[in-house]
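Take a look at the structure below.
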Amino acid sequence: MKKSLIALAFGTLGLGIAEFVMMGILPDVAKDLGISIPVAGHFISAYALGVCVGAPVLTLARKYPLKHILLVLVTLIMIGNICAALSPNYWVLLAARFISGLPHGAYFGVGSIVAERLADKGKGSEAVSIMIAGMTIANLFGVPLGTSLSTMLSWRATFLLVGIWGIVIMYYIWRWVPHVEGLKDTGFKGQFRFLKTPAPWLILGATALSNGGVFCWYSYINPMLTNVSGFSAESITPLMILAGFGMVMGNLISGRLSDRYTPGKVGTVAQALICIMLLLLFFLSPYKWAAALLMCLCTAGLFAVSSPEQVLIIRVAKGGEMLGAASVQVAFNLGNAIGAYAGGLAISEGYRYPALTGVPFALIGFILFLIFYKKYQFNPNYL
């Protein structure tokens with residue numbers, strides 16, 4: 001494995017902790033700042049808003065070397081999380097979370113392009129999956145570690161850890177990532193020209209809806225596992241680690257298969273499996289063994305579509321590759337927000353129903369990905 005790809009994965013590891021750990025430490029943050037948990041939920045929204053704003057701003061950096069852009073983005077990761085650790089009140093932490101989100105989509109966008117260019121011939125999807133692996137490992141180990149730090153010391157220690165980790169990321173990107181030829185400058189308007197064609201919209205729509213379907217269920221996985229499946233509260237941490245393991249394996253296996261069978265085919269199959277898993281979760285979640293197995297398979301599917309989506313958007317976003325790759329993360333976060341809201345509406349019917357609510361989202365996502373695969377996967381004008 002190339003060390004340069006490991007350096008890029010270090011970055012997505014830090015971003016993964018910064019994004020997802022807030023969900024686990026929300027009560028601690030709310031108590032310390034003297035605010036309600038719903039108000040503290042604004043910190044999750046502020047990060048997502050930063051992701052959405054940071055992606056299009058990336059177009060302003062189109063003329064600079066890709067490695068330099070990565071180093072600037074890592075600097076923003078450090079600043080945002082250190083400011084979060086030192087925040088004295090709600091407003092400062094809200095601003096810090098917004099700053100922390102700014103480099104998220106942009107880092108994935110630039111990192112995906114660099115990973116594909118550094119990959120051996122025919123290994124582009126696998127290289128991108130290695131970069132994304134940091135995000136999955138964050139869910140496997142980083143988020144539980146951050147939650148434990150918040151419980152034992154302070155939630156501020158969690159964000160300080162991410163800020164210090166930024167120094168490690170910066171060092172290894174500087175040391176291990178070689179100079180990569182910058183992208184051809186197509187002008188400001190040229191960066192957005194690819195959006196005039198249907199292909200990228202199919203990918204972005206599939207990303208948002210598929211993730212939305214999964215997060216209808218995953219946002220409320222804790223009460224489902226305890227109230228429906230009958231797991232004890234003490235079992236949730238090891239179950240979340242199992243879910244993180246599914247993410248890691250789904251991402252790495254998908255990257256390897258995409259190079260063999262095309263990203264379009266792998267992404268389409270993964271989308272179909274997500275639909276099936278969500279439907280089975282609705283019916284079988286009362287059974288412990290089934291709930292745990294399906295949870296692992298569904299989270300595997302969630303990240304099995306990640307590297308195909310990143311690779312495909314780069315290939316169809318001619319002239320706007322950085323914006324396209326970053327936009328996938330915007331779609332991912334938009335899907336998270338929509339899914340969490342829709343799943344919340346279904347909870348009144350019971351904790352199994354968010355999974356059922358997610359099925360139509362995932363099904364439409366599958367249909368969009370299937371249309372893309374049939375129409376564009378083998379079209380030389382696009383790929």
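The values are calculated or read from the model by the stated rules, or taken from the named source; none is laboratory data. Small disclaimer: the values here were computed from a predicted structure and weren't measured. All Cβ positions, glycine included, derive from the backbone under ideal geometry; neighbour counts span all protein chains shown. Surface areas here come from the heavy atoms of the whole protein model, side chains and all, with no ligands, DNA or RNA. Shrake-Rupley method; radii C 1.70, N 1.55, O 1.52, S 1.80 Å.
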Query raised in the report: Among Thr151, Thr136, which is over 19 Å from the mean Cα position of the chain (by Cα) and either at pLDDT below 90 or open to solvent by less than 30 Å² (accessible area, probe 1.4 Å) (or both)?
Result: Thr151
Report task. Taking only the stretch 1-36 into account, find how many residues are touching a residue at least 40 places away in the same chain (Cβ under 8 Å), of a type in the set (D, E, K, R), over 14 Å from Gly101 (Cβ atoms) and part of a helix (DSSP H, G or I). Result -> 3
Query raised in the report: Does the stretch 190-203 hold any residues that are in a helix (DSSP H, G or I) and either open to solvent by 20 Å² or more (accessible area, probe 1.4 Å) or of a type outside the set (A, V, I, L, M, F, W, C) (or both), and which are they?
Result: Gly190, Gln191, Phe192, Arg193, Leu195, Lys196, Pro198, Pro200, Trp201, Leu202
Report task. Tell me which residues, restricted to the stretch 219-231, are open to solvent by 10 Å² or more (accessible area, probe 1.4 Å) and at pLDDT 85 or above. Result -> Thr226, Asn227, Val228, Gly230, Phe231
Query raised in the report: For the stretch 345-374, how many residues meet the condition of being farther than 25 Å from Gly264 by Cα and open to solvent by less than 30 Å² (accessible area, probe 1.4 Å)?
Result: 4
Report task. Could you identify the single residue in Ala157, Ala206 that is crowded, with 20+ Cβ neighbours inside 10 Å and in contact (Cβ under 8 Å) with a residue 60 or more places away in the chain? Result -> Ala206
Query raised in the report: Taking the condition within 24 Å of Gly344 (Cα to Cα) and open to solvent by 50 Å² or more (accessible area, probe 1.4 Å), does Ile241 pass?
Result: yes
**Report entry** Any pair with Cβ under 8 angstrom, 6 or more apart, that starts in the stretch 234-247 at a residue that is farther than 13 Å from Phe141 by Cα and ends at one that is open to solvent by less than 80 Å² (accessible area, probe 1.4 Å) and modelled with pLDDT of 85 or more
**Finding:** Ser235/Leu225; Ile236/Leu225; Ile236/Thr226
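Condition check ((1) of a type in the set (Lys, Arg); (2) assigned by the TED database to the domain that holds Lys196; (3) over 27 Å from Leu60 (Cα atoms); (4) within 15 Å of the chain's Cα centre (by Cα)) across all residues:
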| residue | (1), (2), (3), (4) |
| --- | --- |
| Ala300 | no, yes, yes, yes |
| Gln310 | no, yes, no, yes |
| Met322 | no, yes, no, no |
| Gln329 | no, yes, no, yes |
| Gly343 | no, yes, yes, no |
| Glu349 | no, yes, yes, no |
| Thr357 | no, yes, yes, no |
Report task. Within the stretch 309-330, identify whether any single residue is open to solvent by 10 Å² or more (accessible area, probe 1.4 Å), out of contact with any Asp or Glu (no Cβ under 6 Å at 6 or more places or on another chain), within 18 Å of Glu126 (Cα to Cα) and in a helix (DSSP H, G or I), and answer yes or no. Result -> yes
Query raised in the report: Checking His68 against (1) closer than 27 Å to Ala337 by Cα; (2) surrounded by fewer than 20 Cβ atoms within 10 Å (Cβ to Cβ), which test does it fail?
Result: (1)
Query raised in the report: Are there any pairs with C-beta distances below 7 angstrom linking a residue in the stretch 252-279 that is assigned to a helix (DSSP H, G or I) to a residue that is basic (Lys, Arg), with the two at least 6 apart or on different chains, and if so which?
Result: Asp259/Lys123
Report summary line: Checked pairs for the stretch 138-152, first touching a residue at least 40 places away in the same chain (Cβ under 8 Å), second aromatic (Phe, Trp, Tyr) and assigned to a helix (DSSP H, G or I), C-beta under 8 Å and 6 or more apart or across chains, list as Ala138/Phe20; Asn139/Phe20; Leu140/Phe245; Val143/Phe20
Report summary line: Met170 fails exactly one of (1) at pLDDT 90 or above; (2) open to solvent by less than 10 Å² (accessible area, probe 1.4 Å); (3) not assigned by the TED database to the domain that holds Ile347; (4) not basic (Lys, Arg), namely (2)
